[in-house]
Amino acid sequence: MLAQHARGGVCDLRELMCVLPGARAGRLLLAEMLTRCAASGMRLHPPRVLTPGAMADEILADAGESLSIAGEFESHLA
């Protein structure tokens, strides 16, 4: 990702969404990206890092949908 999106000393990943299994994995990914960018003298604009549970909300928000995700009670009934 870093090599593909690096231009002019800036690595802009703001348009990307990374879905990882947990919040810790997201923190580790961002830390590694920062380390690599710092080592090559690049400035990083990080991607959106989400867990699978937050992905549906993010996709719906990006699509401009006014749909809501089922709550705990509705999910239990389903």
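Just to be sure I understand, how many residues within segment 1-15 are part of a helix (DSSP H, G or I) and either open to solvent by less than 60 Å² (accessible area, probe 1.4 Å) or of a type in the set (Gly, Ala, Ser) (or both)? Break it down stepwise before answering.
Initial filter on segment 1-15 (part of a helix (DSSP H, G or I)): 2-5.
Right, trim to either open to solvent by less than 60 Å² (accessible area, probe 1.4 Å) or of a type in the set (Gly, Ala, Ser) (or both) and you get 2-3, 5.
Matching residues across segment 1-15 total 3.
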Being closer than 14 Å to MET1 by Cβ and of a type outside the set (A, V, I, L, M, F, W, C): is that true of GLU15 here? yes
Which condition breaks for PRO46 when tested against (1) modelled with pLDDT of 90 or more; (2) open to solvent by 90 Å² or more (accessible area, probe 1.4 Å); (3) of a type outside the set (A, V, I, L, M)? (2)
Over segment 24-43, the set of residues open to solvent by 60 Å² or more (accessible area, probe 1.4 Å) and in a helix (DSSP H, G or I) is ARG24, ARG27, LEU28, GLU32, LEU34, THR35, ARG36, ALA38, ALA39
The one condition in (1) modelled with pLDDT of 95 or more; (2) assigned to a strand (DSSP E or B) that CYS18 fails to fulfil: (1)
Filter segment 49-78 for residues that are modelled with pLDDT of 80 or more, closer than 30 Å to MET1 by Cα and either in contact with an Asp or Glu (Cβ under 6 Å, 6 or more places away or on another chain) or in a helix (DSSP H, G or I) (or both) and give the result. LEU50, PRO52, GLY53, ALA54, MET55
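The values are calculated or read from the model by the stated rules, or taken from the named source; none is laboratory data. Computed from a prediction, not measured in an experiment: that's the story for all the values here. Note: ideal-geometry Cβ built from the backbone for every residue, glycine included; neighbour counts use all protein chains shown. Remember, those area values only see protein heavy atoms, side chains included, never the ligands or the DNA or RNA. Shrake-Rupley method; radii C 1.70, N 1.55, O 1.52, S 1.80 Å.
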